Amino acid sequence: MSEHGIKPTANRLLVLKALAESHRPVTMAELEDQIDTIDKSGIFRTLTLFKENHLLHQIDDGCEGVRYELCHAHGETDDDRHVHFHCEACHRTFCLEEIPVPAVDLPQGFIAETANFMIKGICPECAGKGKTAHTHHHH
């Protein structure tokens, strides 16, 4: 963390640990559930800081809002542009880290900074149970 020029305070380490342990992109609400010692604004400030320092990816999956995941790349560029898969049956978002985002040839003058490649469908687990995207879950 310190190589990103961020002071590793207790709160920041807690948020980092929660992100690292989740192994999948998490929502702000999930982080709040996990970290009961920091209030919502503290968590949010920490996420914003991490994002500014390229420590964090923000993924907008288009239905539940924003999720966060740790960046595995170090340095200023998001080298770990990988495909994300959102299962419409169980609503989990998977990082398919071994599947790189296909290179997109942009027209002259366009500069790509980040890419968010989200595929929606059914994950193997749900497919195995014969679920489809049209099942409505009652939480």
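The values are calculated or read from the model by the stated rules, or taken from the named source; none is laboratory data. Just so we're clear, the structure is a prediction, and the values are computed from it rather than from any experiment. Quick reminder, even Gly has a Cβ in these numbers, built from the backbone with ideal geometry, and neighbours come from all protein chains shown.
If you scan region 35-54, which residues turn out to be surrounded by 14 or more Cβ atoms within 10 Å (Cβ to Cβ) and under 13 Å from Arg12 (Cβ atoms)? Matches in region 35-54: Ile35, Ile38, Gly42, Ile43, Phe44, Arg45, Thr46, Leu47, Leu49, Phe50, Lys51, Asn53. Among the candidates Cys126, Cys63, Cys90, the residue that is part of a loop (DSSP other than H, G, I, E, B) and modelled with pLDDT of 85 or more is uniquely Cys90. When residues in region 50-71 are screened for being more than 19 Å from Arg92 (Cα to Cα) and either touching a Leu at 6+ places or on another chain (Cβ under 8 Å) or of a type in the set (Gly, Ala, Ser) (or both), 2 of them pass.
Of all residues assigned to region 27-46, at least one qualifies as being farther than 16 Å from Glu69 by Cα, in a helix (DSSP H, G or I) and touching an Asp or Glu at 6+ places or on another chain (Cβ under 9 Å). Scanning region 29-71 for residues that are more than 21 Å from His82 (Cβ to Cβ) and among the hydroxyl-bearing types (Ser, Thr, Tyr) returns Thr37, Ser41, Thr46, Thr48.
Scanning region 93-123 for residues that are outside any loop (DSSP other than H, G, I, E, B) and within 17 Å of the chain's Cα centre (by Cα) gives Thr93, Phe94, Cys95, Leu96, Glu97, Glu98, Ile99, Pro100, Phe117, Met118, Ile119, Lys120. I'd like to check something: does region 15-24 contain any residue that is touching a Cys at 6+ places or on another chain (Cβ under 7 Å) and at pLDDT below 85? Checked region 15-24: at least one residue is touching a Cys at 6+ places or on another chain (Cβ under 7 Å) and at pLDDT below 85.
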